[in-house]
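First up is the structure itself, then whatever we jot down about it.
Rule-based calculations on the coordinates, nothing more; no lab input. Nothing here was measured: the structure is a model prediction, and the numbers come from that model. Don't worry about glycine lacking a Cβ; one is built from the backbone with ideal geometry, like all the others, and counts go over all protein chains shown.
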Amino acid sequence: MRARQLIFRVHAIKRMFQRSITIEQVRAVLEQGEVIEDYPDDTPYPSRLLLGWIDQRPLHVVAAYNAEQQQVIIITAYEPEAERWDREFKRRKT
C-alpha cells in the first residue's frame, strides 16, 4: 500500500507501544508484506490485513486506504497468536 500520507489511529499507536512495534516495522509490512485478507465493505474506507516478517517475528497490520486523499490509515498492528493462525500466519484456524 503506497500513499502520500500515513496516518496512525490512536488505537494503533497505543497497541504498537504495548507490543513493541515501531513505525518503521509497520512501514516495512506495508511496503513488503502480503495481503492475506481484504475487507472491501469496511467503512469509511476499505481495509486489509497484511502479514510481514521482521527478522523472525510475524506481524499483522490492519490498514485502510482513502483513495481520494491518498492516505493509508493504520488501524492496528500485532504479532499473531500461533493458536489462532496456521503455521504461516496467513489463515485463521477454525
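For the chain, a Gaussian network of Cα nodes joined below 10 Å ranks Glu68, Glu37, Glu81 by mean-square fluctuation, and the top entry is Glu68.
Suppose every Lys and Arg Cβ carries +1 and every Asp and Glu Cβ carries -1, with no other charges. What dipole size does the chain come out with about its Cα centre, to the nearest 20 debye? If you can, show how the numbers build up before the last one.
Numbers: 15 positive and 14 negative charges, 44 e Å.
Charge dipole, the chain, about its Cα centre: 220 debye, nearest 20.
Can you sort Ile74, Ile23 by how many other beta carbons sit within 10 Å, fewest first?
Working: Ile74 25, Ile23 14.
So the ranking, lowest neighbour count to highest, is Ile23, Ile74.
Before rounding to the nearest 500, sum -39500 (n - 2.57) across all DSSP H runs of length at least 4 in the chain and divide by the residue total; then give [θ] at 222 nm in deg cm²/dmol. Could you put the intermediate results ahead of the total?
Details: 2 runs with 19 residues, N = 94.
Computed ellipticity for the chain at 222 nm equals -6000 deg cm²/dmol.
When the charge dipole of the stretch 1-84 is built from unit charges on Cβ atoms (+1 for Lys and Arg, -1 for Asp and Glu) and taken about the Cα centre, the candidate among Ile13, Ala64, Gly52 whose Cα reaches farthest toward its positive end is Ile13.
Anyone know which of Pro44, Pro80, Pro58 comes out most mobile in the 10 Å Cα GNM of the chain? Its mean-square fluctuation being the largest, the pick is Pro44.
Whole-Hz Karplus values for the stretch 20-26 come out as 6, 10, 8, 4, 5, 5, 4 Hz, taken residue by residue from phi with 6.51 cos²θ - 1.76 cosθ + 1.60 and θ = phi - 60°; glycine and proline positions read x. Cβ crowding within 10 Å, taken as a proxy for footprinting-reagent exposure, orders Lys93, Lys14 from fewest neighbours to most as Lys93, Lys14. If you run the Gaussian network model on the chain, springs between alpha carbon atoms under 10 Å, then out of Tyr45, Tyr65, Tyr78 the most flexible one is Tyr45. Once C-alpha pairs closer than 8 Å and six or more residues apart are averaged by separation and normalised to the residue number of the chain, the relative contact order reads 30 percent.
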